[in-house]
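What follows is a short report on a single structure.
Coordinate-derived values only; no laboratory data. Quick caveat: nothing in here was measured; it's all calculated off a predicted structure. Cβ coordinates were reconstructed from backbone atoms using ideal geometry, including for glycine residues, and neighbour counts include every protein chain displayed.
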Amino acid sequence: MSLFKSRPFWSIICDVDEKFDQNCLEISKVNDETDRIIIGSHAGILRIYQPSTEVKEDSVISEFQPSDLLIEKIFPDPILQISTGRLVSGSTQLYVAVLYPKSVAVYGLVTKEGSTEHGTQNSLPLIYEHKLKRSASNFCLGSFGGVLTRDFICVQSLDGLLTFFEQESFAFCCFLPEFLLPAPLIYVQKSDSFVTASSSWCLTSFRYKHLSEAGHNSNDDDGTGTRVKSTWSYNMGEELIDLQYTIDFNNIGYIVALGTRNLYCLSENGIAKFIKRLDYTPICFFAYTLGDGENAVWSCVVSETTTLLIYMNTTLKWAAQLSNLPVAIKRAFFKNVQGALVLLTEDGRLICSYLGTEPHLFSTTPLAHQELDYEEAEAELLSLSKIIRNYYSSDTKLVNATAEKELQVFVSINPHLNSDMPDLYQSCQVLVTLMPNIILEEVQVSTTVSKPIKCTNEIAFYKNLTQKTVFETKIYIEEPLPCPSLKVEVIVSCISNLGVPKVIRKTAELPLKLLLSSSETIKDHKHKIVLNVDKEVFSLSQLFPEFLYESSTTNKIGLKSNTDFERTVSVAARGNQYQISSDCLTILSAIILNLAGKLKKQGCSVSYNNSLLISELFLFVKEHFDQLQVVKTLQTNLSLLSGQFRAIQKRLISKFKDKNPTPLSNMEMLLEETYVRIINCGTQLESELKTLSKTQITLSCLLHLISTLIGLTDVDKNVLPILDTVFCPYVLKTSLCYLLHTILSRSEGEKIKITTFEEVKDVKELELHVRLVLDRIKVPNAISENPKENVEPVIEDHKLMPVGSTFAEYRPKVASAKKRVIPSNYE
Amino acid sequence: MEPFYLALSYYRRRNFDKCAETCTEILDKQPLDQAAWCLKMKALTKRVYIDDLDSEEVIAGDFLDNDTVASAPRPGTSMKVEEMLKSRPRSTTGRPISGINRPGTQARPGSSIERLKTARPLTGQSVRAIRLGTAAIYSQRDGPFIQVSRLNLTKYAKQPCLSKPLFEYLFYHEGDVRNAMELAVQATQANHFEDWWWKVQLAKCYNALNLIRDSEQQLRSALKQHNHIETYIRLIRIYLRLDQPLSALEVCKAGLTAFPNDVSISTEVARLYEELGDATMSVKHYRNIVIEDAMNTEAIACIGVYHFYNNQPELALRYYRRVLAMGVHSAELYNNLGLCCLYSQQLDLTMACLQRALDLAISNQIKAEVWYNLSHVAIAAGDVELAMQCLSICLVIDPTHAPAFNNIAILQYKSGRANLAKAYFTTAKNLQENMLEPQKNLEYLQNKYLTVE
C-alpha cells in the first residue's frame, strides 16, 4: 500500500529450478570500477552480472543483454554465501569467496579481452580451498586484528564453531558461548570485534583478541576450550533477521539490526542510538550512509506486503511498492545509474530498479451496474414505493394472509384419550398436518400449552419441506395442579425458498376429559357462576356427551378433577341458564371456557351479568405477591451470601500471594460455613420457587376465568383482544397502567405519559388499577352510563394502537424475564 | 545440502510449514537434537504468531478481579466521561460518530484494522481461533509436538537459549498462559531478575490473567532496566485498561522522551486524546505522526475526520483521497469520501462513492451505516420518502441502530404521525440510553402536548 511503485530497469530470471536465500547476493567491484552483481544459488550455480545500463537515445536505460552475464559456473555443492575481499596474500585485488556446506573456497575472476567483437572472456580459477569439519552456516570477511590491507575469513558453523582463516592458512577456531541456532555474523572494524545474536535473543559482541585467546589452533575441535567473554551484549528480546555494519562520512559506525518487530541502530559499544518499531513483518533490509556529513543512517526495509520502506534514522522518507517479494536487497552503483536497488527473489529473479517518483494511480474496478436508465429506474421506484406505501398503510395486517395459501396447517385432536403413558394421567394425541403448496426452506412447528399440561414433543424442525408432513405430539398433565386453560397453541414458522419468513398460529381446544371425569353430583358449592343464554338451553348430554354414558336426560352432572380428587364441579342447566358451581374457583376456568366455546358453536350468545370475582382475585393476587416476596428475600440472601463467598475467596488468594505465609485454616472455616449456607439457601429457594409456580398457576386460572367472564359481559369488542393479553400475572400492573394511559384515558394529558415497567411494590395500588380498568371498560357491576359516549374515542385511538400495544406488551416482558429467574409460561 | 541448513533457510524465507516438516525429519533421526527442536518450535510459533499489541482483545473480567474503578471520577481523570461533555457523539464502540451524519469512523477507515488486514495477514482473526486450529491439526498427525504437561519447566527455565522460544511457543501456539507464566517466573529467577524481556512476558501473562496491577509492576520494573517501545506501549495499555488516562499520558510522555517522535507511542497519545474528547491535541499528534511517517493511514484518516467535523469537508476530502491513492479500497473509505462530497456540494460524486461503499460493504454494521448516510443524501435532496426507505433498510440490516430510529421518528413526526414518532423515539432511547437526541425529542413532544392541553 503506497503511493509509488518501484520501476525496474534491468531484470533477469534464473530459470533453472534454483533457490536463493538472504546471503546469496553480493554487490562488489570485482575487477571493475562499477558494481557487479554476484549471485550463487543453493543449486550450486554462481553467476556474475554487470548490467551495462547504457542510456539509449530516448533516455531509457538498456535492459538485460546477454553480454551482461560475465560468467556462469556450476559447482557440485550448494552455495551458501558469497562475499568478496582481498583474500590472496600479496595482492590487493578482490577475490570471490564462496561458502559451501563443507568447505570455503576463494576464486579469482580472470578477464581476457577478446580480439573480436565476441567481447571478453571470463574464467573463475580456484585459488585455494579450506575444508571444514563441521557444516557451515555463514561467514564474514574483514581485516581482523587491524591488518588493514588484507581480509580474513571467519566461518560460523551450524553448531556455533567459529573458524578463522588468515587467507591461505588456518588460524584458529573457537566455540561461541550460549549457542543454539546460528544467527547473522558481522565484523565491526572499529572495535575489531564480531557481533552476532545469541540464541537468547541478545546482540553480543566478541573482541577478536578474546576469541583468539580462547581459540585453539588445532583443527580437530573437541568442543571444549575456554569460554569466550563478550565485550557487550544488548538484549533485543526478539529474533534477529539481519545485521549490518556501516560507517558514515564522519567515521561514525552504526550497527543496524533488523529484528522481527523493531529496527535497532547501535553504536560500536552496544548503546542504542534509536529503535524504530515496525508495524509490519519485515523480510530483509539494507542499511547505508550517505557521504553528506549528516549523521544519519538510511535503511531500506522490505515488508511482507512487498513494500519497500526507506527510513532516515526513524523517519520514513519513501515508500514504494515492489513488483516481487525479494529475499535479499542491496544497493549498487552502475554506469549512469547511481544507487540502484538490486533485489533477489527466492526463485532467482534478479531485478535492478529505481524509485519511481511518478505516483502510480490506483484504479478501481468499475461497478457492475453503472449505467442506469433513469426513466426506467424512476418507473420502477414508483411502483416499488407504491407497494411499500400499501404495506405501511396496512400496518395492522402484519400477519400475512398469503401464508395460509403457501402452507396449510390442520390441527386435529383425537377426542379419545389413551392411557399408554406410564404416568397416572391419560394423554391426548394431537396431530399437526402440514400441507406445503410451495417449497419451504425451513419450517419449525412448536406447540405450547399452559403449565401443568405438557407435550411430549414440543418442537420439530423440517428442512426443504415439499410434501405433506404430520407432526405428532402427545399431551398429558404433568403435575396435580389446577389448569388455567385447555388451549393448545400450534405455531408454525417457516421461511420460504425466497427467504421470506412467515408465521402461522393455530389454537385448538383439548378435550375436557383430560382434566375432569364424571362423579357424583354434589349440591352445596361455595362458588356459583351463572351463564345466561338467549335461547333454550341445550341438554347437557348434548354438550358433554363424554361424561354422560347413558343417554340420560338429567340436567345436572357432577365432575371431578383428574388431578386433584377433592375438587368437584357440577354443571346444571335450568331454563335459559347454566349454573356451574364448585367449591374451588381454580377448576372453573377451564370448564367455563369450554362451555362458552361450545355454546357459541351452537349459535347462541352467552352473557354473564353477575359480579366478577374481584375479591377472590385479590386474594390470589395477594397470595402470589407474598410468595414472590419470599422468593425475592431468598434471592437477595443468596446474592449476599455469594458475594460473601467471593470476598472470602479473594481474601484467601491474596493471603496465598502474601510474602509471609499465615495460617489459612480460619479462612477455610469461613469459606465452608458460607458454602453450607449458600447450599441451604439454594434448596430453600428451589422449594419456594415450586410453591411460587403453584400460586402462579392458580392465579393464572383465576385471571383466565375473569377475562373469560369479561368477554361474556357487555364490553366493547375491540378492547377484548387487548384485555386478553393484559390478564397475565407478571405484566398485569404495567399493562393496566398502559391501558389507563392510552385507550381508556379520559384526558389528553394522561395519554402522553409513558408507561414504564416497575416491579409491583404494593398490592393496594394494583387493586386500585384493576378496579379502575374494570370500571372504565364498563363491566355491569359498575355505575351504568350511556356506553356510546365512551366507546367513540376508543375507536378513534384504536387506529394507532398496534405499534404501541405490541411495544407495551413486548418490553415489560423482557424486563421481567431478566429481573426474575423464574420461567413463566404465561407470557 | 545439510537438512538443518535447509530448515534454517526455510525459516528465514518464512516457509514455516516446510521448515517444521524438515525439522520433524531431523527429529525422527535424532530425537534429542535441541537445535532442530527449537527451530521447529519457533516455526510453529511463527506460523500462528500475532502481534498481541495489535489485536485489541480484552479478556472478559475474571470474577476474582480486584480492581474496582471509581464510579465517580474527578473530571478529566477518566475515559468514562459524560457523553454530553464531548464534542462529538460516540457510537457504542467508542469511536467518534455524529448523531446526524457520520463517516464510518468506528472502523477507522484504512487505519489499524485495515493495517491488520494487509500487513499482517494473520491478525485479522482472533488469537484463540487460530491457536486451536493449528494445534488440532498437528495433534492429528503424530500427537502433539510438545506435551506441555510433561515439560520440566524448571529445567528449561535455566537454559537461556531454549527458554525464550519455548515461552513464545507456550504463549502463542498452545495458548497455555498458565504454564507460560510458570516458565516466565522460573526464568526470571534463573536470570536473577536481570532480564527485562522476561518481566515483559510475565506482565503479558498477568495481563492475560487479569492481574493488571501485577502486570503494571513488572512493566515498571522492566522499564527501569531497559527502555523499549513495546514495554512503554504495554504500560500505556495497562493504564487504559485501568481507566487512568492521565497515568497513561505520563507514560506516553516518558516514552516520547526516550524515543522522540516514535510513531507507535504518538499513535497511542493521539488515540488517548481522542478518547478524552480533546480533538485538537489528538490532531496535533496525528500531524506529528504524519511528519514522521507519511504512510500512516490511521493518522491521515483521523486528520480527515477532524476536518470533517470542523466543517471543512473539502479538506477532509483531500485527506481521504490521499488514503485512496495509497491503495486502500474499503467500504468505510468510500463512505467517508461520499459524505465529504455531499457536504462539499459535489453531488455528482456522492452517489458514486456511496454506491461503491455499498458494493464493498461486507459486515452488516457498515452496510447499515452506509444506508444511514444515504438517508442523509435523500434528506439533503428533500426526498423524505426515499430517506424513510433508506432508514428502513438501515434498520432491516441493523435493528439496533438507535440514530436511525431517532431520525425515522423525526421524519414521521414531520409527516404528522406524532404517536408513531413517540414510539420510535422510545425505541431509540431504549437502544442507546445515553444518546441525547431521542431524549430531548421525547421531552419536546411531551411538553408540546402538555401545553396544547
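Go through A:Lys463/A:Lys513; A:Lys657/B:Lys40; B:Lys46/B:Lys155 and tell me which ones have a Cα-Cα distance over 26 Å in this structure. The answer is A:Lys463/A:Lys513; A:Lys657/B:Lys40.
Protection proxy ranking, highest mean first, for peptides B:199-205, A:615-621: B:199-205, A:615-621, where packing is the per-residue count of other beta-carbon atoms within 10 Å, averaged.
Taking the number of Cβ atoms within 10 Å of each Cβ as an exposure proxy, the fewest-first ranking of B:Tyr449, B:Tyr319, B:Tyr424 is B:Tyr449, B:Tyr319, B:Tyr424. Per-residue shielding of A:234-241, expressed as the average number of other chain Cβ atoms within 10 Å of the residue Cβ, stands at 4. The mean number of Cβ atoms from other chains found within 10 Å of a Cβ in peptide A:302-310 is 2, as a whole number.
Where Lys and Arg each count +1 and Asp and Glu each count -1, what net charge lies around A:Ser62 among other residues with Cβ under 13 Å from its Cβ? It works out to a net charge of -3. Among A:482-489, A:85-92, the peptide with the highest mean count of other Cβ atoms within 10 Å heads the list, and the full ranking is A:482-489, A:85-92.
Annotated for segment A:155-295: lysine pairs at least 8 residues apart or interchain, Cα distance under 22 Å, count 4.
So between A:Glu673 and A:Val110, what do we pick up on full extension, going 0.36 nm a residue minus the alpha carbon distance?
On the way: separation 563, 0.36 × 563 = 202.68 nm, distance 9.34 nm.
Roughly 193.3 nm would be gained on extension.
Summing +1 for each Lys or Arg and -1 for each Asp or Glu, what net charge is found among the other residues whose Cβ lies under 15 Å from the Cβ of A:Thr357? Net charge around A:Thr357: +2.
Please give the per residue volume of the convex hull enclosing the alpha carbon atoms of segment A:399-512, rounded to a whole number of Å³.
100
Taking a threshold of 29 Å on the Cα-Cα distance, which of the pairs A:Lys474/A:Lys622; A:Lys29/B:Lys42; A:Lys474/A:Lys601 fall above it? Beyond 29 Å: A:Lys474/A:Lys622; A:Lys29/B:Lys42. Please label the shape of segment A:4-355 as rounded, prolate or oblate, based on the square roots a ≥ b ≥ c of the eigenvalues of the alpha-carbon gyration tensor (a/c under 1.5 means rounded; beyond that, a/b larger than b/c means prolate, else oblate). Cα axes put segment A:4-355 in the oblate bin. The GluC sites (Glu not before Pro) of segment A:71-159 that meet both conditions, a loop assignment by DSSP and at most 11 other Cβ atoms within 10 Å of the site Cβ, are A:Glu113, A:Glu117. If only the Cβ of Lys and Arg carry +1 and only the Cβ of Asp and Glu carry -1, the dipole of segment A:103-245 around its Cα centre is close to 300 debye. For the pair A:Glu479 and B:Asn311, label points projected 7 Å from Cα toward Cβ lie 6.6 nm apart.
Stokes-Einstein D for segment A:1-122 at 4 °C, 1.567 mPa s, Kirkwood Rh over Cα pairs, in µm²/s? Value of D from the Cα-based Kirkwood radius: 81 µm²/s.
Each of B:Met435, B:Met281 has some number of other Cβ atoms within 10 Å of its Cβ, and from fewest to most they run B:Met281, B:Met435. Taken about its Cα centre, segment B:3-48 carries a charge dipole of about 320 debye when Lys and Arg each add +1 at the Cβ and Asp and Glu each add -1 at the Cβ.
Net charge near A:Glu489: determine it from the other residues with C-beta under 10 Å of the C-beta of A:Glu489, scoring Lys and Arg +1 and Asp and Glu -1.
On the way: positive: A:Lys487, A:Arg505, A:Lys506; negative: none.
Computed value for this residue: +3.
Remark: mean inter-chain Cβ contacts per residue of B:9-16 equal 5, using a 10 Å Cβ-Cβ cutoff to other protein chain atoms.
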